[in-house]
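Undergrad: Here it is: the structure, laid out below.
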Amino acid sequence: MDYACGERNLYAAMKKEEDLWDYVVHTPYENLDLVPSSTLMSGIEYELFTKWQRELILSRSLKRLKEEGGYDYILIDAPPTLGGWVMNILCASDYVILPVEASPWGLFGVANMFEFLDNVKRLVPELALLGVAITKLDARKNYGRQTLEALQAYEEVNVFRTLIRVDSEIEWAQDDSRPVMAYKKSARSAGEYLELAKEVEEHVGRSR
């Protein structure tokens with residue numbers, strides 16, 4: 001949270017259309033840097049509206065980081081919307097991981113997201129859906145099985161084997177502003193996210 005309170009954040013960079021190289025913050029965690037978000041991101045759609053080639057602003061801002069930053073992966077967290085900012089994120093990405101909550105509402109809008117992805121691929125044909133990750137699974141309920149079956153009905157859509165179950169340690173880690181692996185390495189969710197990361201690496205390796 002402290003990172004987001006500074007003046008150099010993602011919102012400021014996008015508003016000024018500046019290189020994100022100058023906005024990188026080094027964290028205390030090994031091999032983890034970030035570009036802080038901001039509470040002002042709720043207004044990013046308005047800021048993008050009048051800009052030239054607005055769907056490619058993030059892509060231009062990331063160019064130097066992707067080419068010279070020395071990072072193995074750059075992860076971009078996207079809000080659950082289908083507006084201009086998410087269009088920016090997708091146009092700047094090589095792969096998409098779609099999280100779907102294992103709940104009665106988790107599948108709501110998934111078909112719209114797939115359609116949105118198809119539209120974005122007209123601009124960036126190389127964009128690929130790496131897979132769907134099932135999250136917030138409660139083993140006491142049947143929603144997980146129902147969600148999995150519904151997703152498997154989509155042809156050529158990979159569903160990651162690793163399931164992310166409900167874990168209060170994630171909420172405590174968020175409250176402490178720390179990654180769950182740093183907050184409690186033995187947490188169930190920490191192990192599940194580690195397994196998911198390995199799975200993602202496998203699929204990226206196959207697609208290259």
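Undergrad: Residues of the stretch 119-150 being part of a helix (DSSP H, G or I) and surrounded by 11 or more Cβ atoms within 10 Å (Cβ to Cβ), which ones?
TA: Scanning the stretch 119-150 gives 119, 120, 143, 144, 145, 146, 147, 148, 150.
Undergrad: Is there a residue in the stretch 44-59 that is polar (S, T, N, Q) and in contact (Cβ under 8 Å) with a residue 40 or more places away in the chain?
TA: Within the stretch 44-59 (the criterion being polar (S, T, N, Q) and in contact (Cβ under 8 Å) with a residue 40 or more places away in the chain), the answer is no, since none of the residues qualifies.
Undergrad: Is it the case that residue 102 is exposed (fewer than 14 other Cβ atoms within 10 Å of the Cβ) and closer than 16 Å to residue 150 by Cα?
TA: No: the conditions fail for residue 102.
Per-residue answers, yes or no, for (1) in contact with a Ser or Thr (Cβ under 8 Å, 6 or more places away or on another chain); (2) over 28 Å from residue 186 (Cα atoms); (3) aromatic (Phe, Trp, Tyr):
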{"site": "107", "(1), (2), (3)": "yes, yes, no"}
{"site": "116", "(1), (2), (3)": "no, yes, yes"}
{"site": "142", "(1), (2), (3)": "no, no, no"}
{"site": "153", "(1), (2), (3)": "no, yes, no"}
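Undergrad: Give the residue that is surrounded by the fewest Cβ atoms within 10 Å (Cβ to Cβ), with candidates limited to residues of the stretch 172-208 that are in contact with a strand residue (DSSP E or B) (Cβ under 9 Å, 6 or more places away or on another chain) and β-branched (Val, Ile, Thr).
TA: Only one residue fits best here, namely 204.
Undergrad: Would you mind telling me which numbered condition in (1) farther than 23 Å from residue 200 by Cβ; (2) within 15 Å of the chain's Cα centre (by Cα) residue 61 fails?
TA: (2) is the only condition that residue 61 fails.
Undergrad: If I filter the stretch 151-165 for residues that are part of a helix (DSSP H, G or I), assigned by TED's automatic domain parsing to the domain that holds residue 182, loosely packed, with under 15 Cβ neighbours inside 10 Å and not hydroxyl-bearing (Ser, Thr, Tyr), do I get at least one hit?
TA: There is at least one residue in the stretch 151-165 that is part of a helix (DSSP H, G or I), assigned by TED's automatic domain parsing to the domain that holds residue 182, loosely packed, with under 15 Cβ neighbours inside 10 Å and not hydroxyl-bearing (Ser, Thr, Tyr).
Undergrad: Hey, can you tell me all the residues within the stretch 166-178 that are part of a loop (DSSP other than H, G, I, E, B) and either closer than 25 Å to residue 90 by Cβ or touching a Ser or Thr at 6+ places or on another chain (Cβ under 7 Å) (or both)?
TA: Listed by number, the list holds a single entry, 167.
Undergrad: So which of 76, 89 is touching an Asp or Glu at 6+ places or on another chain (Cβ under 9 Å), assigned by TED's automatic domain parsing to the domain that holds residue 32 and surrounded by 14 or more Cβ atoms within 10 Å (Cβ to Cβ)?
TA: 89
Undergrad: Same structure again: So which of 64, 60 is among the basic types (Lys, Arg), within 16 Å of residue 25 (Cα to Cα) and outside any loop (DSSP other than H, G, I, E, B)?
TA: 64
Undergrad: Specify which of the listed residues (168, 189) is hydroxyl-bearing (Ser, Thr, Tyr) and touching a helix residue (DSSP H, G or I) at 6+ places or on another chain (Cβ under 6 Å).
TA: None of the other options fit; the residue is 189.
This table checks each residue for (1) at pLDDT 95 or above; (2) exposed (fewer than 15 other Cβ atoms within 10 Å of the Cβ); (3) in the same structural domain as residue 143 (by TED's automatic domain parsing); (4) farther than 26 Å from residue 177 by Cα.
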position: 12; (1), (2), (3), (4): no, no, no, no
position: 25; (1), (2), (3), (4): no, yes, no, no
position: 35; (1), (2), (3), (4): no, no, no, no
position: 54; (1), (2), (3), (4): no, no, no, yes
position: 84; (1), (2), (3), (4): no, no, no, yes
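Undergrad: Still on this structure: Can you tell me how many residues in the stretch 64-73 are over 15 Å from the mean Cα position of the chain (by Cα) and either without any contact (Cβ under 8 Å) to a residue 12 or more places away in the chain or buried (at least 18 other Cβ atoms within 10 Å of the Cβ) (or both)?
TA: Number satisfying all stated conditions: 5.
The values are calculated or read from the model by the stated rules, or taken from the named source; none is laboratory data. Being a predicted model, the structure only gives us computed values, none of them experimental. Methodologically, a virtual Cβ is constructed for each residue, glycine included, from the backbone with ideal geometry; neighbour enumeration extends over all protein chains shown.
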